[in-house]
Amino acid sequence: MNPPSSSLPDQVVITPVQAFSDNYIWCLHDDKAVVVVDPGDATPVLAFCKQHNLTLSGILITHHHHDHTGGISQLVSSFPDIPVIGPSGGHIKGITQAVKQGDTITLSPFQCHFDVIEVPGHTLDHLAFYGHGVLFCGDTLFSGGCGRLFEGSPEQMRHSLNALQRLPEQTLVYCAHEYTQANMTFALAVEPNNNALQQHADKVSTLRKHQQITLPSSLAVEKSINPFLRSHLQTVAESAKEYAGHTLTDEDAIFATIRRWKDEF
Ligand SMILES: [Zn+2]
């Protein structure tokens, strides 16, 4: 595992490239090379490379959805032989390095190392990448929310979110969508009296009014505002029980209820 305090090398920064209506393709780069996470569309990535005179040196993939993988083939034809690192199973065309829980990957242009964490729930193949105080979590953890359960169960998702929560609190959370403002509305419905949440929702509202990004978040912030990381708390349990209309016997039932509530919200 990476030591929790190791930050990114000085010259390496993370820049968002927007794709579609609300996707972010995270670009980890210095002044020569770039590694991108979840390139659903090649066009904005190629434009970013051209604008900053960067060589694409690798691709990380968190899960199989097209808005995270659609750009792979065009990027690889522009930059042949680069590593494309992602889930095993052979279902994602273009993956050259299949990885699993416990693996550590090295991004050679920068000497950066990321641990692979399997986080099934949104999809069954979903991976997160953690290193240097940075978490690329795709569609598993969002700021103020979590991914829809397309393939996994509520229990799997809660287990996956717990695994991410065990990372150091200062970890920066780079999710793949700008969903924060809508998530704040839902989170406030679950916890109307959460002061930290009210303040964060105001901050997010101001940022979005000026079309500014709300990410990265941090695990510390998410633990104080995100109802999907707070299903162990009485306030969240009470709201879930009220929504369900009956007693909920355990934390899995509470989590499942707030996930269903969000789907119907
Ligand atoms: Zn997805």
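The values are calculated or read from the model by the stated rules, or taken from the named source; none is laboratory data. In this text the structure is predicted, and so the values were computed from the model without any measurement. All accessible areas refer to the heavy atoms of the entire protein, side chains included, with ligands and DNA or RNA removed. Shrake-Rupley method; radii C 1.70, N 1.55, O 1.52, S 1.80 Å.
Using the alpha-carbon positions of segment 1-134, Rg (one decimal) and Dmax (whole number) come out as 13.9, 38 Å. Distances between placed amide hydrogens fall under 5 Å for CYS112 paired with LEU107, all partners being 5 or more residues away or on another chain.
The coefficient of translational diffusion for segment 182-265, derived via Stokes-Einstein from the alpha carbon Kirkwood radius under 10 °C and 1.306 mPa s, stands at 119 µm²/s.
Under a Gaussian network description of the chain, with springs only between Cα atoms under 10 Å, the residue in HIS122, HIS232, HIS132 that fluctuates furthest is HIS232. Taking every DSSP beta bridge with both residues inside the chain, roughly what % is antiparallel (nearest 5)? Of those bridges, close to 65 percent are antiparallel.
Taking one quarter of the surface of the convex hull spanned by the alpha-carbon atoms of segment 115-265 gives a direction-averaged projected area of 8.3 nm².
Residue ranking by accessible heavy-atom surface, 1.4 Å probe, largest first, among VAL119, VAL13 comes out as VAL13, VAL119. Could you check what % of the DSSP bridge pairs in segment 133-265 are antiparallel, to the nearest 5? Restricted to segment 133-265, the bridges split so that about 50 percent are antiparallel. Heavy-atom accessible surface of the chain, averaged per residue, reaches 44 Å², computed with a 1.4 Å probe. Phi angles across segment 177-183 convert, under the Karplus curve 6.51 cos²θ - 1.76 cosθ + 1.60 with θ = phi - 60°, into 3J(HN,Hα) values of 9, 8, 10, 4, 5, 5, 5 Hz, Gly and Pro given as x.
Working from the Cα coordinates of segment 9-88, the gyration tensor eigenvalues give, after taking √(5λ), semi-axes of 18, 14, 13 Å in decreasing order. 3J(HN,Hα) along segment 113-118: 10, 10, 7, 9, 10, 7 Hz, from the Karplus curve 6.51 cos²θ - 1.76 cosθ + 1.60 with θ = phi - 60°, whole Hz, x for Gly and Pro. Note on the chain: Cα-Cα pairs beyond 30 Å make up 27% of the total pair count. Applying the Karplus relation 6.51 cos²θ - 1.76 cosθ + 1.60 with θ = phi - 60° to segment 208-225 yields 3J(HN,Hα) values of 6, 4, 9, 6, 9, 6, 9, 10, x, 9, 9, 4, 4, 4, 4, 5, 8, 10 Hz, where x marks Gly and Pro.
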